[in-house]
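Read through the structure below, which is laid out as structure tokens, and then see the notes.
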Amino acid sequence: MEKLYITSLQNPLVKAWRALKDAKARAEQGLFLAEGDHLTGEALTAHAAAALLIADQEQARYQRHLDAAQGQNLPVYVLSDRAMGAVCDAKTPQGVAALCRLPQLHQPLPADKLKIAALDGVQDPGNVGTMLRTLDAAGFDALLLGAGTADPFSPKALRATMGAAFRVPVYACDLPQQLGAIADTHDLYAGALDGKPFFERVRTHPGVCVIIGNEGAGISDAVYAVPGIQRVKLPMAGGAESLNASVAGAIMVYDIVRLGK
């Protein structure tokens, strides 16, 4: 396996990888960086890596990643500590990262995706990543991203997914339009302070979609206007007026799993 050594911060590849912290650069290059031991392993397992980046002094520590990269015939770039630090977003880089191909997000939602969640302008990358992780754990089929939702392939969101980004497909869409298109096959649950109790819901369709709104403004009027939307709320017996977006989503997702409906 040939290793390509890079030491200079002025190397064109280092500059290109460093730019991947920005969403525009990720879109232009069609790439994102999965940093750290765990995410690198997830990327290699999913065969989503296009190349392996590793700090020179960490080669022995991550021999299993080098072996996996060799098995997949991937290029391996050995970086100086300074170059690796410049490329990575983490304050304390772990010395390894996978350069990954960015999935095509603007794809039609397949008809077999019956258990899905949708994010309507969720802006916190941590919430987006946590929802992906929850959907992965709960065995849901997909995540819809509405306008204004944070990029699930940003460094912060990826860290929160703990690898779920490589297992749960994501579809960016005009959310009201997409929800309208599946209203005949999915029960659409949208959180609302004036909604009916979520735990008393009645399922009428084979599919289900849990919709999570913006952290401050909640769900948009355009989504609420979709025919078939069911406004629901979680019980609040204490003094809190609302829950964190990803926490509320997790409760609803797991109650659907618990009841099988």
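The values are calculated or read from the model by the stated rules, or taken from the named source; none is laboratory data. Just so it is clear, the model here is predicted, and its values are computed rather than measured. Cβ atoms come from the backbone with ideal geometry, glycine included; neighbour counts cover every protein chain shown. Just the protein is used for accessible areas: all its heavy atoms, side chains included, with ligands, DNA and RNA removed. Shrake-Rupley method; radii C 1.70, N 1.55, O 1.52, S 1.80 Å.
Which one of these is open to solvent by 30 Å² or more (accessible area, probe 1.4 Å), without any contact (Cβ under 8 Å) to a residue 60 or more places away in the chain and either closer than 20 Å to residue 106 by Cα or among the hydrophobic types (A, V, I, L, M, F, W, C) (or both): 192, 183, 225? Walk me through it before giving the result.
Working: 192 fails: open to solvent by 30 Å² or more (accessible area, probe 1.4 Å); 183 fails: open to solvent by 30 Å² or more (accessible area, probe 1.4 Å).
Only one candidate qualifies: 225.
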Members of region 17-51 found to be of a type outside the set (D, E, K, R), farther than 16 Å from residue 77 by Cα and surrounded by fewer than 17 Cβ atoms within 10 Å (Cβ to Cβ), listed by number:
19, 23, 25, 27, 29, 30, 38, 45, 46, 47
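Quick grid of which residues meet (1) surrounded by fewer than 21 Cβ atoms within 10 Å (Cβ to Cβ); (2) farther than 30 Å from residue 49 by Cα:
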{"residue": "153", "(1), (2)": "no, no"}
{"residue": "179", "(1), (2)": "no, yes"}
{"residue": "188", "(1), (2)": "no, yes"}
{"residue": "196", "(1), (2)": "yes, yes"}
{"residue": "202", "(1), (2)": "yes, yes"}
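Name every residue in region 235-256 that is assigned to a helix (DSSP H, G or I) and open to solvent by 70 Å² or more (accessible area, probe 1.4 Å), in order of residue number.
Our first condition is that a residue be assigned to a helix (DSSP H, G or I); within region 235-256, this holds for 245-256.
254, the sole residue that qualifies.
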Between a residue in region 238-261 that is modelled with pLDDT of 95 or more and any residue that is open to solvent by 60 Å² or more (accessible area, probe 1.4 Å) and not in a loop (DSSP other than H, G, I, E, B), which pairs come within a Cβ distance under 7 Å, given they are 6 or more apart or on different chains?
255/199
Mind counting the residues in region 76-107 that are open to solvent by 50 Å² or more (accessible area, probe 1.4 Å), in contact (Cβ under 8 Å) with a residue 24 or more places away in the chain and either in a helix (DSSP H, G or I) or out of contact with any helix residue (DSSP H, G or I) (no Cβ under 8 Å at 6 or more places or on another chain) (or both)?
6
Quick test for you: out of 120, 174, 112, pick the one residue that is touching a Gly at 6+ places or on another chain (Cβ under 9 Å) and either of a type in the set (A, V, I, L, M) or free of Cβ contacts under 8 Å to residues at least 60 places away in the same chain (or both).
174
From 36, 30, 121, which residue is in contact with a Ser or Thr (Cβ under 8 Å, 6 or more places away or on another chain) and on the phi > 0 side of the Ramachandran plot?
121
Flagged in region 52-75 as of a type in the set (Gly, Ala, Ser) and either surrounded by fewer than 20 Cβ atoms within 10 Å (Cβ to Cβ) or over 24 Å from the mean Cα position of the chain (by Cα) (or both), in numbering order, are 55, 60, 71
